Each structure stands twice: as structure tokens, then as C-alpha cells.
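Student: Have a look at this one before I ask anything.
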Amino acid sequence: MQEGPEGWPGTLILEGKTLANIPIPPVTHRGPAAREGSGFLNPAMAGSRTRSVMLLADALENDWLVTAEKPIRIIEALAATGIRSRRWLNEVPQQHLHRLHILCNDIDPISMQWAEANLKEYPATIDIQLNSGDARSLMLDSGWQWIDIDPFGSPTPFIDSAIQSCSRLAVLDVCATDTAALTGSSPSACRRRYDAMAVVDDLRHDTGMRILLGALARAAARHDRVIDPKLVIFDDHHIRATVLVRRSKEAASDLHSCLGWRIHSPNEMELKASMSAGLHPRDDSGLKQPSCVLPFNSPPELKEGRVSGPIWIGSLGDQELLERMTEERAMELCSPDSKLQKTMNWSDKEMELAERRLRRSVRGLSDSASAIDCPIVLPVDDIPKYFDLPGPPSPSQLARTLRLMGYRAANAVLQVPAIRTDAPWSVISEASMEVFGITPPR
């Protein structure tokens, strides 16, 4: 008689240091329609799971949530076959594992059968509690210190339940694959799900992240809580937002100081209003600029094609955490060893490819840390539209030039080449010309 669910052992895969059997060959296409039956696993999300391992390890080592040696209650609310939970157990440093109390849930009972079979096949040093049920009611059963929500499509149906289920201080790790809505390609869905609007241009990826954060902040405020972004990233077909959630009626009442409106191709009056509000670097050059931000309580005329929002106008991450999200740390925690190579019958080239995927999952994050809270995000392909240049400047060279001029600047981790900086637009103009060896006009 076959042990395990129908189709066991299925297909053997290795992700990070974690072996798993899944019932069908892993799908390769992207987005919310990628689910194909029970036991689903999308390899395009492997980088997200690698970062999740690194984040949990960092939280344990740096006491984000509780003092040293205290336990952390974790729920992976939409787990499918539970590979994220199993990666936590296999790849978080051994000395911290006794602190983890993990509940792994999926509404699909067949997925949980595969999760259970994998746990039996590859036993962990600590137990995971498995459950098949509705994530929203399950989350509300207890207070959690780490809640992972990874749905197919929009996370909005789960956000209120998740916020209510957070302990006094907790991490909420939310994935959204409905990026067409968040970036404005599907305006009706953006309004319906996030009560927001977005302009489709080269800033759309940054806008999408900020719309999601804005929705999380408003949900948190409804329950007397506030959010503090630890890491937000737009990764190919999805956005992942990891935020610290804490209780504070007073801070929740000040919600709108963290929200605003992005104005695309602003006029002079809008630029001055943004500068006066401290949301844009001061500059009296009179040059036309690609965008600025206005406070939530000073909304512009909400014209489609020119206004995005409401958006989160604070930092997109924790600088100290981002500095620790290095390729070396990813390899240290998640790189497979020669024993796993032998199990998978991988060649040295296949091992090299696996290591390359691990490095790619965090590439650029530590370098972006120093400017993660800067007010200007600037896709470099936009710059020649405003200045007489032979082409877009290298983002690395432009950021380096701005730093030499005394400003903060770093490459932005986006889907397009971009920088973040606190430099005024006239200085960006001068630095862009300097990259090409052009003497700025005086």
C-alpha cells in the first residue's frame, strides 16, 4: 500500500537547503493564475522564501520581537505544501530553532497531506503543527508574533484578520501577486482592492509598493496599530512587504502623516507645496521635474494619468537590516552542501546555478540601504527627457557622483534602473552631465 497522498513521492526538488517532494512538476509561469491543483509550488517565489529565511534569522538574532531566548509564535497562513515553514526549520541557525512554534495551514487538505508526508520523509528537529482550514478564522484564534500571508492574487481579503491577530509587537509578511492592480495597469482593480489609483510609468513599481504599504497602514490604524516597514521588494511578478506591527492608539491617530499623493509632471505650485511640506528636496532652479509628493491632507485634483495614491511616503525599509541582507549571508544560511548535491545528482554547473539564484535573491539590497528613506526615486531612463544628454546615465555612476557631491544616493532595487537620493533636481542635473563629462551651463 502506498504511504502518503496520491501520487507520492511525486517530483523531488531542492530549494535552498531544503528537499521537498511535490505532486506535479513545478509550474514555471507567473502571477495569480499560476496555481495548478493541490500541492502547488511556484519556483519563481524561491527568492522570496530565501529572504524569508534571512528575515526570520535576523529577527531571532537581533531581538526584533521578544527578548533573547523567548519563543516566537509563527503562522504560515496560506502554506500550500509548507515549503516556507520547512525552509525556516532547515536553514535558520540551529541554536534558534527551539524558540520557533510554527503553525502551517492551508485550506486545501490535499496540500496538507503533502506537507505531512514531506515532514515524515525529511524529519525536522522541532515539530510543526499542521492544519487545514480557513486562514482568517484560524489567525483570529490566537495572538501571533509572525504572520505570513502568501495568497494567489490580492492579500486584501486576509489583511484585517491578520492585523487583528498580531500580538502587541509582531511581523506581518504579506505577498501580493496582483501587480497589475497595484501598478495601475488595472485601474478598476486598484480602486476596488486598495482604494487607490496609480499612474503607469517608470515609477509604477515604486508606486505599487507604496500603495500596498498604504493599504496595510490604513488597515493597521483601524485596529489601533501602526506599521514600520522592514523590507519591501518588487520581485518580478509579486510584491513582498515585511512590516513590524505594533499597538499604539496615539500613533495610529497620526496615520495620515505617513500617507500622501505622488504627482507626476508636477507644476511649479505643486513642487513648492511639496518642498514646503518637507517631502521634496528644496530647489529654486525652476527646472521641470518628473514627480513630487504632496501630503495626504493636501490632495491634488485626482486626475487619472497624473496622480498616484494614496501612497506610503515613509521609508521602504530598515537601513540596518538591509545592510545585513548580503549575498554572503544568503549563502551562509541557504547554500546547499555536497551531500544535497549528491542526493539531487546535480553537476557542479547545476550547483553553481543554484548558488547564483540564492545570490540574485538579495542582490543590491545591502547597497541600497543608505538611501532607502530618501524622498526621490529616479528611473535613470527618464533623465534624458529633462536634460540634454546622449543617453541615460549609469545609475551606479550617478549615485557615486551624487555621494561625492555630499548627498545621499544609492541604486534602487526596482524592475528598472533607478536611484534613490536626497539631492535637489538641479544637483541631479549637474551630476548627470558630469557622468558624461559634460560641463554644466552656468
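Each value in this text was obtained by applying a stated rule to the coordinates, not by laboratory testing. Here the structure is a predicted model, which is why all the values come from computation and not from measurement.
Student: Express the Stokes-Einstein translational diffusion coefficient of region 120-160 in µm² s⁻¹, to the nearest whole number, given a Kirkwood radius over alpha-carbon pairs, 37 °C and a viscosity of 0.692 mPa s.
Tutor: The Stokes-Einstein estimate is 260 µm²/s.
Student: In the P(r) worked out for region 374-442, what percent of Cα pairs fall beyond 13 Å?
Tutor: Tail of the P(r) past 13 Å holds 57 percent of the pairs.
Student: If you compute semi-axes √(5λ) of the Cα gyration tensor in Å for the structure shown, which of (1) 40, 25, 20; (2) 35, 27, 23; (3) 29, 28, 22 do you land on?
Tutor: Only one option fits the structure, namely (1).
Student: Please turn the phi angles of region 364-369 into ³J(HN,Hα) values with the Karplus equation 6.51 cos²θ - 1.76 cosθ + 1.60 (θ = phi - 60°), one per residue in order, whole Hz, x for glycine and proline.
Tutor: x, 5, 5, 5, 7, 4
Student: Using only the Cα atoms, work out Rg/Rh for region 11-177, with Rh taken as the Kirkwood radius, to two decimals.
Tutor: Working: Rg = 14.9 Å, Rh = 16.0 Å.
Ratio of gyration radius to Kirkwood radius for region 11-177: 0.93.
Student: While we're here: Using only the alpha-carbon atoms, how far is helix 46-61 inclined from the longest principal axis of the chain? Give it as 0 to 90 degrees, nearest 10.
Tutor: Rounded to the nearest ten degrees, it is 90.
Student: Calculate how steeply helix 348-362 sits against the longest principal axis of the alpha-carbon atoms of the chain, using the helix alpha-carbon long axis, and give the answer as 0 to 90 degrees to the nearest 10.
Tutor: 50
Student: Let me ask another. Could you give each residue of region 262-267 its phi-based ³J(HN,Hα) in whole Hz, using Karplus coefficients 6.51, -1.76, 1.60 with θ = phi - 60°, and x for Gly or Pro?
Tutor: 8, 9, 8, 6, x, 8
Student: Per residue and in Å³, how big is the convex hull formed by the alpha-carbon atoms of region 299-442?
Tutor: Convex hull volume per residue, Cα atoms: 178 Å³.
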